Amino acid sequence: MIFVTGGAGFVGANFVLNWLKNSDEPVVNLDKLTYAGNLENLSSIQDDPRHIFIQTDIRDGALISQLLAQHRPRAIINFAAESHVDRSIHGPEDFIQTNVVGTFRLLESVRSYWNGLELADKSEFRFLHVSTDEVYGMLSSTAPAFTEDHNYEPNSPYSASKAASDHLVRAWHHTYGLPVLTTNCSNNYGPLHFPEKLIPLMIVNALEGKPLPIYGDGMQVRDWLYVRDHCSAIRRVLDAGKVGETYNVGGWNEKANIDIVKTVCGLLDEMRPRADGKSYVEQISFVTDRPGHDRRYAIDARKLERELGWTPAETFETGIRKTVQWYLDNPQWVANVQSGSYRDWVQKQYADQ
Ligand code: NAD
């Protein structure tokens, strides 16, 4: 039995689905169901007895402690977070509450649970904290990619709150001996991505005939990884990672935002041509840059590749094609997310229980 927090969000839901496809080990999924948490992401395992969903806030230490004592997991993977940089600029409070206070409360509940385990279970237990490359700050265009030894220099309220959570996890290991692992991954893309983030936003806006807004000159560089490769890396770190260590996760796919958007447009031109025969590129519109927008992130994932033998299954070209295809195949998911009707569905699920 494992616990996953934030398993109704983009990466967490992909992880839970992938986990149950590859193993019979049950998952208890703890998620607050904020605007970003979507039970519809998990509808294919709704009746699967190996999946137990519990709506809860990771700040609720008493409930988490009770659930730990009841289910006795061998590991916890912490995905729960506020994750959108733009939202963190407009309202940082939730980011501090969930990413910092929430991680702290979770660590405290887990520490007390772990302390009470028998010796053999205690040494097997793992707390895996899922984090981001944004904690490292910004790279110049010529600087080498971030390694695990790079200084923490977060620049947005989001990355600062994630950096704080990483530090708490590290301290709980060094101070209390909690067996932790941390992963710092680059930008993910793929199925189930909430359409406020760059790639799904561009796909959805393009199909709706809306402008494709690009911040500043569009030359901000990010390193992209298909979400299922992020999931396989987490699994690998959980299975074989060395306690107390940090692993960078990335796909060696540095791309400027403008190139990402042009790639999406090109795929849509091919897979769902516009009625007027013009390219979706015509819908690109440059907008005022985000304040404090980091220019470049790049991840050096060689430690994970060398020490744990992990490699991504997708190239950017194969992954982005699958992603565009998924959005074309799932218009109802997009419509539900946009209309909030999945929330009504959630209410109904609970009412029926
Ligand atoms: P997301 O916003 O899609 O999902 C976050 C999930 O956490 C949601 O289901 C939400 O309901 C839940 N949640 C939020 N606050 C909670 C709370 N207080 N208690 C319980 N649940 C809560 O985010 P994501 O993109 O899936 O990211 C998941 C994790 O992976 C985050 O920690 C993020 O920092 C990290 N990460 C994401 C990316 C990426 O590109 N998406 C890259 C690297 C790291």
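Bear in mind that the values in this text are calculations on the coordinates, not laboratory data. Note that the structure is predicted; figures quoted are calculated from it, not measured. Because the Cβ atoms are built from the backbone with ideal geometry, glycine has one as well, and the counts that use them run over all protein chains shown.
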>> Can you tell me the length gained on complete extension of the stretch D329 to V287, counting 0.36 nm per residue apart and subtracting the Cα distance?
In response: 12.2 nm
> Between I89 and D217, what is the FRET efficiency for a Förster distance of 22 Å, r being their Cβ-Cβ separation, to the nearest 0.05?
Replying inline: 0.70
>> Report the gain in length on full extension from S339 to A120: 0.36 nm times residue separation, minus Cα-Cα distance, nm rounded to one decimal.
In response: 74.0 nm
>> Ranking request for peptides 278-286, 263-271, 233-241: highest mean number of other beta-carbon atoms within 10 Å first, then the rest in descending order.
In response: 233-241, 263-271, 278-286
> Once both labels are modelled 7 Å past Cα along the beta-carbon direction, what's the R170-A62 spacing in nm?
Replying inline: 3.4
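Using +1 on the beta carbon of Lys and Arg, -1 on that of Asp and Glu, and nothing else charged, what's the dipole of the chain about the Cα centre, debye to 20?
Approximately 200 debye in magnitude.
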> When the chain is fully extended, how far beyond the present Cα-Cα distance does A240 get from A256, taking 0.36 nm per residue of separation?
Replying inline: 2.4 nm
> What are the principal axis extents of the Cα atoms in the chain, in Å, biggest first?
Replying inline: 67, 53, 38
> Kirkwood Rh, the stretch 124-205, all Cα pairs: how many Å?
Replying inline: 14.6
>> Let me spell out the model: positive unit charges on the Cβ of Lys and Arg, negative unit charges on the Cβ of Asp and Glu, origin at the Cα centre of the stretch 223-289. What dipole size does that give, in debye rounded to 20?
In response: 240
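Once the other residues with Cβ under 11 Å from the Cβ of A313 are scored (Lys, Arg +1; Asp, Glu -1), what is the net sum?
Spelling it out: positives minus negatives among the neighbours equals 0.
Compute the signed sum of charges (Lys and Arg +1, Asp and Glu -1) over the other residues within less than 15 Å, Cβ to Cβ, of E153.
Local charge sum for E153: -3.
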> With +1 on each Lys and Arg Cβ and -1 on each Asp and Glu Cβ, how big is the dipole of the stretch 80-183 about its Cα centre, in debye rounded to the nearest 20?
Replying inline: 220
> Which links in K21/K210; K162/K303; K162/K262; K21/K322 stretch past 25 Å when you go from one Cα to the other?
Replying inline: K21/K210; K162/K262
> So, counting K/R as plus one and D/E as minus one, what does the shell of residues with Cβ under 15 Å around I203 add up to?
Replying inline: +2
>> Run the simple label-point estimate for S43 and T315 please: 7 Å along Cα→C-beta, distance reported in nm.
In response: 3.5
>> Using 10 Å bins from zero, what percent of all Cα-Cα pairs in the stretch 184-240 falls into each bin?
In response: 20, 42, 27, 10, 2
> Where the eigenvalues come from the Cα gyration tensor of the stretch 161-307, what are the semi-axes √(5λ) of the equivalent ellipsoid, largest first, in whole Å?
Replying inline: 36, 17, 12
> So what is the calculated 222 nm ellipticity per residue for the chain, using -39500 (n - 2.57) for each DSSP H run with n of 4 or more, over all residues, to the nearest 500 deg cm²/dmol?
Replying inline: -13000 deg cm²/dmol
